[in-house]
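Below you'll find the structure, written out as structure tokens, and then a few comments.
FYI, it's all coordinate maths here, none of it is from the lab. Quantities reported herein were computed from a predicted structural model and do not represent experimental measurements. Cβ placement follows ideal geometry from the backbone for every residue including glycine, while neighbour counts extend to all protein chains displayed.
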Amino acid sequence: MRNAVEASLDYGKRRGGCKASVLPRRRWGCYTPSMRLKSLELDHFRIYERLRLELPPGEVCLAGANAAGKTSLLEAVYYLATARSFRFAEDRDLVRWGAQGFGLRAAALRDDEETRLALAYRSGGKTAAVDGERCPRLSSILGRLLTCCFTVEDLDTVRGAAGRRRRFLDLVLGQVSQSYTRAMGELRDCLRQRNAALRADPLDRAAVTAWDRPLSRAAARIIELRRAAVDELAAPAPQIFAEITASRHDLRLDYEGPLEETRLGAADLEEAFIELLRRRFERDRRRGCTTAGPHRDDLALRLDGNDLRRYASRGQQRLAMVALRLAEADFLHQRTGTRPIFLLDDVASELDAETTARVLPALRSRVDQLLLTALPQDVGDLSVDGTVLSIDGGRVRQ
Ligand SMILES: Nc1ncnc2c1ncn2[C@@H]1O[C@H](COP(=O)(O)OP(=O)(O)O)[C@@H](O)[C@H]1O
Ligand SMILES: [Mg+2]
């Protein structure tokens, strides 16, 4: 299977003949391939001791009581796509209690091309393999299983600290841009060394500023990629928000950082960033850390010009997040030419019936494989267009 990453803008190419965000495929007869999970295997992951699951084509709903293992199953799929948990859990928390590590495997189809993915976590380290061959770097597996999800925790992306929103951008971009993942690695490296130099006693100023150039280069690259992503996510967001709320509100997204007022291009941004580090040297020295950079930036969300965190109702915040996730599905599609898999956790408990009835069609028009979970009594409200599997105590009845 062609890695979706290869099809990203990093390589200067755009695939797919139409903009799915505005033109639903069925209506315009314009074809783009989609990602589909064909089978999934979990070993010692959360509640699962051992699970082997074949997934039928189309929509799949996992129905089960509380603590049946529904969220954990979606978490496993998302982990295979991003090597991270959507529950902000540490890797060791994902290991089944009493076990030494966990293993995940999947067969994914992009049209007829099959790829086998494997990810394992043992005693502190993660390893990945694609089609039976071990990946030299874990990042090689990112973007192979294009995935987008909406979960209960998503409300924290809107309401929580800036770190949650940066994480949202990191996970979205990590799936489509190897250049982003690389620049983030460089940034982390530079920050670690620069911060150590800032805390050294006696202070050696040259040992600190030696990191300014590589740090600024990585920062400029990251900011440039994040801005472009935010612009692409922002474009369809107001229309999606209107569609799922049946109301007229202007949902806006803006990348926020100390250098955003001027919107400099990459080269100028690098120089401006070096200058910023120089100006902040005393502050950084007092605090013992680098106080400006992509690790401190934010994604501002506004509804009719007002900060969504402070002024919107919980319901509006939740729907803004759903809109953001739908915009993310469009983003992944446009960047890679492939429709992602969408994971929707416990939507019936999160949204009222009327809203669910507006969200599901918006979602169904964007993706071909929707994996959703529900309590058994809520399944009827979802009008599942596919297969319902029941799940209990970490076992799935096929
Ligand atoms: N690392 C772990 N090992 C074993 N069980 C776990 C682990 N983490 C969570 N669990 C348990 O897994 C069960 C299923 O959780 P979850 O997937 O969230 O269920 P659901 O979404 O169906 O309510 C819970 O009872 C939880 O306590
Ligand atoms: Mg759950």
Legend entry - Which of Val379, Val172 has the fewest Cβ neighbours within 10 Å, and the rest in rising order: Val379, Val172
Legend entry - Per-residue [θ]222 nm for the chain (sum of -39500 (n - 2.57) over DSSP H runs n ≥ 4, rounded to 500): -12500 deg cm²/dmol
Inset, instruction - Pop out the ³J(HN,Hα) list for the range 47-58 in order, Karplus 6.51 cos²θ - 1.76 cosθ + 1.60 with θ = phi - 60°, rounded to Hz; leave Gly and Pro as x. - result: 6, 7, 7, 7, 10, 10, 10, 9, 9, x, x, x
Inset, instruction - Scan around Leu344 for amide H atoms under 5 Å from its own, H built in the peptide plane at 1.01 Å from N, and keep only partners 5 or more places away or cross-chain. - result: Phe150, Leu371, Leu372, Thr373
Legend entry - Candidates Thr373, Thr147, Thr290: whichever shows maximal mean-square fluctuation once the chain is modelled as a Gaussian network with Cα springs under 10 Å: Thr290
Inset, instruction - Please tell me the relative contact order of the range 134-284 in percent, rounded to the nearest whole number, where contacts are Cα pairs under 8 Å and at least six residues apart. - result: 19
Inset, instruction - Calculate how steeply helix 178-199 sits against the longest principal axis of the alpha-carbon atoms of the chain, using the helix alpha-carbon long axis, and give the answer as 0 to 90 degrees to the nearest 10. - result: 40
Legend entry - Ala210 long-range amide H proximity, modeled H, under 5 Å: none
Inset, instruction - Order by neighbour count: Ser39, Ser72, Ser85, fewest other Cβ atoms within 10 Å first, most last. - result: Ser39, Ser85, Ser72
Legend entry - Nearest-20 debye value, the range 255-398 charge dipole, Cβ charges on Lys, Arg, Asp, Glu: 460
Inset, instruction - Please arrange Arg278, Arg213, Arg366, Arg165 by counting, for each residue, the other beta carbons lying within 10 Å of its beta carbon, fewest first. - result: Arg278, Arg213, Arg165, Arg366
Legend entry - Globularity ratio of the chain, using Cα Rg and 2.2 N^0.38 Å: 1.01
Inset, instruction - Specify whether the C-alpha gyration tensor of the range 253-300 places it in the rounded, prolate or oblate class, a ≥ b ≥ c being the square roots of the eigenvalues: rounded for a/c under 1.5, otherwise prolate if a/b is larger than b/c and oblate if not. - result: oblate
